[in-house]
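Colleague: Sharing a structure with you now.
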Amino acid sequence: MSYIGKEDEVQQRPYWRCSKVDFLPEESFQNWNTYLSALSQIYSRFNDRLLSRSDDANEITQLRKQSENDMKRCLTWWDLTWFGFGSVIGAGIFVLTGQEAHHHAGPAIVLSYVASGISAMLSVFCYTEFAVEIPVAGGSFAYLRIELGDFVAFITAGNILLESIVGGAAVARAWTSYFATLLNRQPDSLRIPKGNYLLDPIAVAVLAIAATIAMISTKKTSQLNWIATALNTLVILFVLIAGFAHANTSNLTPFLPHGAKGIFQAAAIVYFAYGGFDNIATMAEETKNPSRDIPFGLLGSMSIITVVYCLMALSLSMMQKYTEIDPNAAYSMAFQSVGMKWAKYLVALGALKGMTTVLLVGVLGQARYTTHIARAHMIPPWFALVHPKTGTPINATLLMTISSGLIAFFSSLDVLASLLSVSTLFIFMMMAVALLVRRYYVREVTPEINQLKLVIFLLIIIASSMGTSAYWGLRPNGWVGYVVTIPLWFLGTMGISIFLPQQRTPKFWGVPLVPWLPSLSVAINIFLMGSLGPPAFIRFGICTVAMLVYYILVGVHATYDMAHQQQKLDALKVKNEDEDKEGKA
């Protein structure tokens with residue numbers, strides 16, 4: 001049971017409830033008249049939300065009250081480190097490596113992992129500073145809401161939810177493929193053909209099991225994760241040792257069958273393999289000592305994972321010619337091709353364990369993102385509720401699992417991966433921009449002239465990065481355009497470094513070489529986004545339009561009402577305090 005205070009009265013409310021006030025409690029949705037009145041004020045309300053900013057204290061303390069119960073602080077650096085491994089090593093390395101080596105990069109897939117790994121590590125730096133300073137469940141949504149405002153945070157929130165739902169579906173379908181391989185069957189043999197679709201009930205069942213475990217206990221999920229991940233680590237060591245033992249250097253020729261374009265095209269897709277680390281930031285609210293544990297957990301695990309990915313990609317390329325790699329179960333089929341037929345079962349089992357932990361950690365992170373987004377009323381606050389006994393957000397977990405299950409039942413991995421990469425790269429690019437804003441701008445402190453300079457320099461960095469990406473897509477073998485775009489990026493970054501003093505110093509841990517590393521993160525993420533094909537951007541555009549329609553019809557009014565209700569309560573509190581002082585006088 002949960003308790004809500006109302007004046008001097010304490011009202012007992014059950015966790016399992018479902019009424020209109022739990023989904024649409026805001027004034028704008030009380031009846032049709034109030035809703036039509038709210039719609040007539042869209043312009044002013046949109047401007048209000050566009051210019052508004054949250055702050056650290058509001059995200060850490062005030063919004064958490066929307067959950068009615070606290071999540072349990074039960075995680076240490078040990079848990080976070082293993083969560084880092086468990087959240088990342090799964091479908092990405094075991095499935096996308098073969099898919100992209102076969103279709104785009106060839107043996108140069110190892111360079112694709114280097115490129116995406118560098119970009120991921122830059123994003124990890126940004127996430128770590130924010131997570132240490134603002135230890136809440138909202139992750140990048142909360143950070144962007146503070147630095148870039150409600151509207152930007154909403155667009156990012158939509159992409160976070162899209163990334164989470166699609167990511168869970170992609171991993172679940174990959175789980176089915178490897179399970180079929182373990183049974184010595186074709187990867188699609190366990191799916192049900194229906195028209196143009198291959199229906200996947202097993203993926204839905206796996207998602208349901210992972211969600212059930214995550215809803216019971218965060219700490220128990222952590223313990224199960226590190227045991228499974230430790231076993232998976234042994235399989236990875238076997239893959240590396242046995243793979244290099246059966247290496248044939250002739251398989252590395254030609255090393256660049258599709259040129260540099262193939263490397264970066266694959267890098268944009270395999271970025272998905274690094275994407276799970278942002279789930280660790282969402283667990284900051286459940287971490288005992290965020291300032292110490294989060295840097296250990298994030299930076300330590302991701303550094304090792306980057307090296308492991310590159311070695312695994314190289315071993316696959318040396319075992320089998322890239323044209324013969326099976327895109328669906330690459331490592332299993334590669335071992336079969338070198339005469340180690342039995343090894344494919346071990347690899348398939350390891351891949352299954354890896355993907356299971358990815359699903360487990362993914363479910364945890366996704367639910368916590370959703371919880372904080374609901375706390376801000378960008379989606380119904382019913383999804384923000386934390387169960388009093390388990391200390392977990394059960395409603396949010398159910399929302400994400402059911403959505404992922406519906407997509408996993410119908411969609412193929414290649415469609416999911418490209419869409420996922422666009423959303424992931426967009427979010428990480430915005431995180432780097434937010435970090436620059438956090439370091440160089442503080443409300444009511446930074447002079448207006450410096451604020452204008454920061455905006456101009458940021459626009460130069462983003463525009464030049466987009467120009468570099470566009471020129472690469474139009475003329476991959478050209479060089480003239482880079483003479484313009486790359487120096488512009490350099491000048492924009494140098495402008496921030498020379499002409500703007502830093503307004504904020506991190507208390508515990510900060511990104512080094514600011515503004516250069518965050519600016520480089522912006523450039524690389526935009527460049528990788530430009531390496532994806534038009535279909536991915538079409539899907540991304542359609543989803544973004546759907547988000548904007550929802551924001552205009554629901555989101556802007558819910559967040560506007562909540563913000564102004566809080567302002568009224570603060571004003572009333574000040575008035576009461578003044579009256580009390582006058583009475584005592």
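The values are calculated or read from the model by the stated rules, or taken from the named source; none is laboratory data. Note that the structure is predicted; figures quoted are calculated from it, not measured. Every residue, glycine among them, receives a Cβ derived from its backbone with ideal geometry; neighbour counts consider all protein chains shown. Ligands, DNA and RNA are stripped out before the accessible areas are found, and what is left, the full protein with its side chains, is counted by its heavy atoms. Shrake-Rupley method; radii C 1.70, N 1.55, O 1.52, S 1.80 Å.
Colleague: Return the long-range amide H neighbours of Leu199 (sequence gap of 5 or more, or a different chain), with a cut-off of under 5 Å between placed amide H atoms.
Modeller: When sequence neighbours closer than 5 places are left aside, the close amide H contacts are Ile192, Lys194.
Colleague: Okay, next question. Find the Cα radius of gyration of the range 368-408, compare it with 2.2 N^0.38 Å by division, and give the number to two decimals.
Modeller: Compactness ratio reported: 1.15.
Colleague: Further, regarding this structure: Going by average Cβ density within 10 Å per residue, which order do the peptides 290-300, 23-33, 96-106 take, highest to lowest?
Modeller: Answer by packing, highest mean first, reads 96-106, 290-300, 23-33.
Colleague: Placing +1 on the Cβ of each Lys and Arg and -1 on the Cβ of each Asp and Glu in the chain, which of Gly138, Leu96, Val235 has its Cα farthest towards the positive end of the resulting dipole?
Modeller: Projecting each Cα onto the dipole axis, the largest value belongs to Val235.
Colleague: Could you tell me what percent of the DSSP beta bridges with both partners in the chain are antiparallel, to the nearest 5?
Modeller: In the chain, approximately 90 percent of DSSP beta bridges are antiparallel ones.
Colleague: Follow-up. Please list the helices of the chain that count as membrane-span-like by this rule: a mean Kyte-Doolittle hydropathy of at least -1.0 together with Cα atoms stretching 30 Å or more along the helix axis, each helix being a complete DSSP H run.
Modeller: Passing helices, by number: 109-133, 150-182, 218-245, 343-375, 413-440, 448-474.
Colleague: Moving on to the next point. Protein chains only, probe 1.4 Å: how do Leu399, Leu224 rank by accessible area, largest first?
Modeller: Final ranking, largest accessible area leading: Leu224, Leu399.
Colleague: Another question, then. Starting with the highest mean, order 512-521, 43-52 by the number of other Cβ atoms within 10 Å, averaged over the residues of each peptide.
Modeller: Descending mean neighbour count gives 512-521, 43-52.
Colleague: From the residues Ala205, Leu122, Tyr331, which one has its Cα farthest along the dipole of the range 71-413 in the positive direction, the dipole being from +1 and -1 charges on Cβ of Lys/Arg and Asp/Glu about the Cα centre?
Modeller: Checked the options; the winner is Ala205.
Colleague: Could I ask something else about it? How big is the C-alpha Rg of the range 242-375 next to the rule-of-thumb value 2.2 N^0.38 Å, as a ratio?
Modeller: In units of the 2.2 N^0.38 Å rule of thumb, it is 1.30.
Colleague: Now for a separate question. Using a 1.4 Å probe over the heavy atoms of the protein chains, calculate the carbon and sulfur portion of the accessible area of the chain as a whole percent.
Modeller: The nonpolar share, carbon plus sulfur, comes to 66 percent.
Colleague: Need one number: nm distance between label points at Gln223 and Tyr15, each 7 Å from Cα along Cα→Cβ, rounded to one decimal.
Modeller: Going by the 7 Å Cα→Cβ label model, 1.9 nm.
Colleague: Can you tell me the dipole magnitude for the range 71-413 around its Cα centre, using point charges on the Cβ only (Lys, Arg +1; Asp, Glu -1), in Debye to the nearest 20?
Modeller: Working: 19 positive and 15 negative charges, 146 e Å.
Using Cβ point charges on Lys, Arg, Asp and Glu, the range 71-413 gives about 700 debye.
Colleague: A further question follows. At a threshold of 8 angstrom on Cα-Cα distance, excluding pairs fewer than six apart, so keeping six or more, what relative contact order does the chain reach in percent?
Modeller: 27 percent
Colleague: With a probe of 1.4 Å, find how much accessible area the chain has per residue, and write the answer as a whole number in Å².
Modeller: Per-residue accessible area for the chain comes out at 41 Å².
Colleague: Go through 476-482, 211-217 and give me the packing order, highest mean Cβ count within 10 Å leading.
Modeller: Working: 476-482: 10.9, 211-217: 19.7.
Taking the mean over residues of other Cβ atoms within 10 Å, the ranking is 211-217, 476-482.
Colleague: Still on this structure: When Cα extents along the principal axes in Å is calculated directly from the model, which label among (i) 80, 61, 42; (ii) 131, 60, 41; (iii) 90, 56, 47 fits?
Modeller: Among (i) 80, 61, 42; (ii) 131, 60, 41; (iii) 90, 56, 47, the one calculated here is (iii).
Colleague: Next question. Place +1 on the Cβ of every Lys and Arg and -1 on the Cβ of every Asp and Glu in the chain, take the dipole about the Cα centre, and give the residue among Leu314, Ala153, Gln502 whose Cα lies farthest towards its positive end.
Modeller: Value computed over the given set: Leu314.
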